[in-house]
Amino acid sequence: MSQPWPPPPDLASIKELVQAADTEEFIKQGSPSDEYDGEAEELFQAIGHFPTSDLTARNLLPIIERIWSKSFDIAEDELPRHRHKFLALSQQIERFFGPAAQPQVR
């Protein structure tokens, strides 16, 4: 039986993408690789049911901003300083799971 393409987001992949993004540079500074697991799980809960057509950076960015703002106590006036990293993560998720996703080779 053929699987749909692109596949829906899965928790392991979301965790991997969030970890690689290391938006707060905690892992770079020596924190364990599971530093962002809580945020990844919350993100997965928010988007896991989205249809492929809705998995776009435009839709993902506000969700990521909300989760990270709450988790890391980022004030609204500080968001612009973080936005480029949040946008990059949003774009990665779109690239893997969004409407134009292509098979990825690791």
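Throughout, read-outs are computed from the coordinates displayed, never taken from laboratory work. For clarity, every value in this text was computed on a predicted model and none was experimentally measured. Cβ coordinates were reconstructed from backbone atoms using ideal geometry, including for glycine residues, and neighbour counts include every protein chain displayed.
Remarks
- Acute angle (nearest 10 degrees) that the helix 37-47 long axis makes with the longest principal axis of the chain, alpha-carbon atoms: 50 degrees
- Checking every one of the GluC sites (Glu not before Pro) in segment 1-55 against DSSP loop status and a limit of 16 other Cβ atoms within 10 Å picks out Glu25.
- By other beta-carbon atoms within 10 Å, ranking Leu87, Leu17 with the fewest at the front produces Leu87, Leu17.
- Segment 11-97: radius of gyration over Cα atoms, expressed as a fraction of 2.2 N^0.38 Å: 1.01
- For Glu24, no residue 5 or more places off, or on another chain, has a built amide H under 5 Å of its own.
- For peptides 44-51, 27-34, 67-74, sequence by mean Cβ density within 10 Å, most packed first: 67-74, 44-51, 27-34
- Proportion of all alpha-carbon pairs of segment 41-90 beyond 12 Å (%): 62 percent
- In degrees, nearest ten, helix 79-97 long axis to first principal axis of the chain (Cα): 20 degrees
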